[in-house]
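Engineer: This is the structure, below, for whatever I ask next.
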Amino acid sequence: MDTSDAIDIGSRLELLVDDYLIDQIRGKAELRLHHPHPQEVVLVTDKPWEGCMCGNITVFRDGHKYRMYYKAFHTDVYDERNRGEELVETHPLWIAYAESDDGLHWQRPELGLVEFEGSKKNNLIWQGVGPEQHGVHGFAPFKDENPDCAPDARYKAVGGIRRAIKGGLYGMKSPDGIHWSLLEEEPIITKGRFDSQNLAFWDRVRGEYRAYVRDLRENQVAQGDQAPARHRRDIRTATSKDFIHWSEPVWLEYPGAPDEELYTNQIQPYYRAPHILVGFPTRYVRRPWSPAIEALPELEHRRIRAHINERFGAALTDGLFMSSRNGRTFKRWAEAFVRPGPQVQGNWAYGDNYQCWGMLETPSALEGAPEELSFYVTEGYWRGNSTYFRRYTLRIDGFVSMHAPLSGGEFVTRPLIFGGGSLVMNFSTSAAGSMRVEIQNSQGRPLQGFTLDDCHEIIGDELERIVEWKKGNAPTGLAGKPTGASGAPPKAGKPIRLHFVMKDADLYSFRFREAD
């Protein structure tokens, strides 16, 4: 049987973040973007070495510890010296560090590394190198999973100079995630406009480092009500085998998405399905001063910012979601993933709603419920003496689902080759809703014993529910097998299609789970 057109998913988890696996959608089924829920404020940057312009948050789990890195920066918009694009800083731009045991409660340890007002009793870890502070702007660290990584560079980061519009992107290294130094005296990437949180990471699926950097893209249309702009903010990507020598950065592509200005990108391999990259870019909405802007919260403070520069008062930012299977072409949703929200203050400003780089599994507030994903989002930029980092939560795998209303919908996958045994779904239905699954051959004919009528009705809300048919839960003789420990040759699987029929239900992900 010809399997050249079949997609080999093995036993990996597949998310419904795009239409890559989908051949047909019928009825009222549709891919639907979901939104994280705002929770508590986990950190207020109210220390004298922090301030009202903190952000560029990075989080990741490191063993039993959660790490958080963020810029510490402050300016006073009432200072008459603030004009145009150059803001008067109350103190230098630094990088601060916090840690947590659960992702909910964060502490700022006294590390004794950077002096502030005659004392090193603070949580500052990095101030860059030299008068231009090489490596400090947009500092984005990660733990390197490259098996060939040197011990003194187990943690790596990228960052620009203090005034990061030019000057290149520098690489940093650390043996412990706390003590940092430049990897090279010269920047590792020079093509770009780096005044954002640029980032890089080890892509273990593709066996290379990937970097994503901000630049200005020519001959595009800016978002909002203004005339076409000569440039717009957008994202380039580059790759490297050694983190030092990088390919020429190329623009990301977003088929079907509107031309919009993007600041941060926050792209990362999804930890449960690392062949899929997910991104959480900040959308910059360029708007002129208008009655619509004057109707937003904190008008007096907005006017002060606009007096410095109109865009500081009139431009707005919110959060988006996108995904990719090759690292360059992204399915980007036009609707906001994180909206500014209904708050009367601390939001609806350029600089707010910047999503963190990274995500953590954290305990649910509902007793007995499974863990959920936590993100951290900035609020209160520009205002007062501090910024707020608010936690948002989302169902695991819950970025996008195939959704059907109670009136029903269904979809059929493209031909798939799978490994493992039982089909497992992350799904949710209402009390009146349901799901059924049929296994078909590659031509779309139902397999005996695995038809819709053979499938037991599925209701509930679980991250991993085994699909069961009257003949069992694992279609025998169809799955492929890798090379065994005894050296037995791999076995090619037979292509199948999955036919899902849904009522008032959401399907977030599925996989064929290896036998326990």
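Engineer: With bins 5 Å wide starting at 0, give me the P(r) of the range 81-204 over every alpha carbon pair, in whole percents.
Structural biologist: 2, 11, 18, 21, 20, 16, 9, 3, 1, 0, 0
Engineer: Now, a different point. What does the extension gain come out to for residue 245 and residue 101, with contour length at 0.36 nm per residue minus their alpha carbon separation?
Structural biologist: Contour length minus the Cα-Cα distance gives 48.2 nm.
Engineer: Can you list residues whose amide H is under 5 Å from residue 188's amide H, if they're 5+ apart or on another chain and H is modeled 1.01 Å from N?
Structural biologist: 169, 170, 171
Engineer: Quick one: Debye curve from the C-alpha atoms of the range 266-372, no solvent, what's log10 I(q)/I(0) at q = 0.12, 0.13, 0.14, 0.24 Å⁻¹?
Structural biologist: Normalising to I(0) and taking log10 leaves -0.56, -0.63, -0.70, -1.22.
Engineer: Would you mind computing Rg(Cα) / (2.2 N^0.38 Å) for the range 1-143, counting N as its residues? Numbers along the way, then the final one.
Structural biologist: Working: Rg = 22.6 Å, N = 143, 2.2 N^0.38 = 14.5 Å.
So the range 1-143 has a normalised radius of gyration of 1.56.
Engineer: To continue, here is another question. Among the listed pairs 173/241; 71/331; 156/331, which are separated by more than 20 Å between their Cα atoms? Don't jump to the answer; show the numbers that get you there.
Structural biologist: Numbers: 173/241 16 Å; 71/331 30 Å; 156/331 28 Å.
From the list (173/241; 71/331; 156/331), the Cα-Cα distance tops 20 Å for 71/331; 156/331.
Engineer: Figure the gain on full extension for residue 185 and residue 24 (residue separation times 0.36 nm, minus the Cα-Cα span) and round it to one decimal in nm.
Structural biologist: Values: separation 161, 0.36 × 161 = 57.96 nm, distance 5.35 nm.
Residue separation times 0.36 nm, minus the Cα-Cα distance, leaves 52.6 nm.
Engineer: On to the next question. Using the Karplus equation 6.51 cos²θ - 1.76 cosθ + 1.60 (θ = phi - 60°), what ³J(HN,Hα) coupling, rounded to whole Hz, does each residue of the range 440-447 give in order, writing x for Gly and Pro?
Structural biologist: 10, 7, 5, 8, x, 8, x, 7
Engineer: Might you report the magnitude of the Cβ-based charge dipole of the range 55-117 about its Cα centre, with Lys and Arg at +1 and Asp and Glu at -1, to the nearest 20 debye? Walk me through the numbers before you get to the answer.
Structural biologist: Numbers: 7 positive and 13 negative charges, 65 e Å.
Dipole magnitude for the range 55-117 comes out near 320 debye.
Engineer: Which whole-Hz ³J(HN,Hα) couplings does the range 193-208 yield from phi under the Karplus relation 6.51 cos²θ - 1.76 cosθ + 1.60, θ = phi - 60°, glycine and proline marked x?
Structural biologist: Each residue's phi maps through the Karplus curve to give 10, 9, 7, 6, 8, 7, 8, 8, 7, 8, 9, 6, 5, 9, x, 7 Hz.
Engineer: Can you put 282, 413 in order of Cβ neighbours within 10 angstrom, beginning with the fewest?
Structural biologist: 413, 282
Engineer: Sort all Cα-Cα distances of the range 391-444 into consecutive 10 angstrom bins from zero, then give the percent of pairs in each bin up to the one containing the longest distance.
Structural biologist: All Cα pairs considered, the percentages come to 15, 42, 34, 8, 1.
Engineer: Another one. So, in nm, how far is label residue 166 from label residue 150 when the simple model puts each one 7 Å beyond its Cα toward the Cβ?
Structural biologist: Each label point lies 7 Å from its Cα, and together they span 3.1 nm.
Engineer: Using the charge dipole of the chain (Lys, Arg: +1 at Cβ; Asp, Glu: -1 at Cβ; taken about the Cα centre), state which of 52, 502, 427 has its Cα farthest towards the positive end.
Structural biologist: Result: 502, furthest along the dipole toward the positive end.
Engineer: May I pose another question? What residues have an amide H closer than 5 Å to that of residue 468, excluding those fewer than 5 places away on the same chain, when H is modeled at 1.01 Å from N in the peptide plane?
Structural biologist: HN-HN under 5 Å from residue 468: 456.
Engineer: Quick one: check the C-alpha center-to-center distance for the range 131-188 versus the range 348-385, whole angstrom.
Structural biologist: So the two Cα centres are separated by 25 Å.
Engineer: Can you list, bin by bin at 10 Å, the percent of alpha carbon pairs in the range 140-185, starting at 0?
Structural biologist: It works out to 29, 51, 18, 2, in whole percents.
Engineer: Could you compute how fast the chain diffuses translationally, taking Rh as the Kirkwood radius over C-alpha pairs and applying Stokes-Einstein at 20 °C with viscosity 1.002 mPa s? Give it in µm² per second.
Structural biologist: On the way: Rh = 24.6 Å.
Translational D for this selection: 87 µm²/s.
Engineer: In nm, to one decimal, how far is the residue 65 label point from the residue 307 one, both placed 7 Å along Cα→Cβ?
Structural biologist: Computed distance between label sites residue 65 and residue 307 equals 4.6 nm.
Engineer: Sticking with this one: By the scheme Lys and Arg +1, Asp and Glu -1, what is the net charge of all other residues having a beta-carbon under 9 Å from that of residue 138?
Structural biologist: Working: positive: 71, 214; negative: 195.
Overall, the nearby charge balance is +1.
Engineer: If neighbour count is taken as other Cβ atoms inside 10 Å, put 174, 364 in order from fewest to most. Write out the running numbers ahead of the final one.
Structural biologist: Details: 174 21, 364 12.
With the fewest neighbours first, 174, 364 line up as 364, 174.
Engineer: Still on this structure, I have one more. Mind checking which lysines have their Cα closer than 29 Å to the Cα of residue 471? Skip sequence neighbours fewer than 8 apart in that chain.
Structural biologist: List returned: 481, 491, 494, 503.
Engineer: Round to the nearest 10 and give me the degree value, 0 to 90, for the angle of helix 299-308's Cα axis relative to the longest principal axis of the chain.
Structural biologist: Between helix and principal axis, roughly 70 degrees.
Engineer: Also, I was wondering about something else. For residue 294, put the label point 7 Å out on the Cα→Cβ axis and report which residues of the range 53-80 keep their amide N under 11 Å from it.
Structural biologist: Output list for this probe position: empty.
Engineer: To continue, here is another question. How large are Rg and Dmax for the range 57-108 when calculated on the C-alpha trace, in angstrom?
Structural biologist: Rg and Dmax of the range 57-108, Cα atoms, are 15.6, 47 Å.
Engineer: Which ordering of 94, 357 is given by a fewest-first count of other beta-carbon atoms within 10 Å?
Structural biologist: On the way: 94 24, 357 27.
So the residues, fewest neighbours to most, are 94, 357.
Taken together, the values in this text are just the output of simple stated rules run on the coordinates, not laboratory data. What you are looking at is a predicted structure, and each value in this text was computed from that prediction instead of being measured. Because the Cβ atoms are built from the backbone with ideal geometry, glycine has one as well, and the counts that use them run over all protein chains shown.
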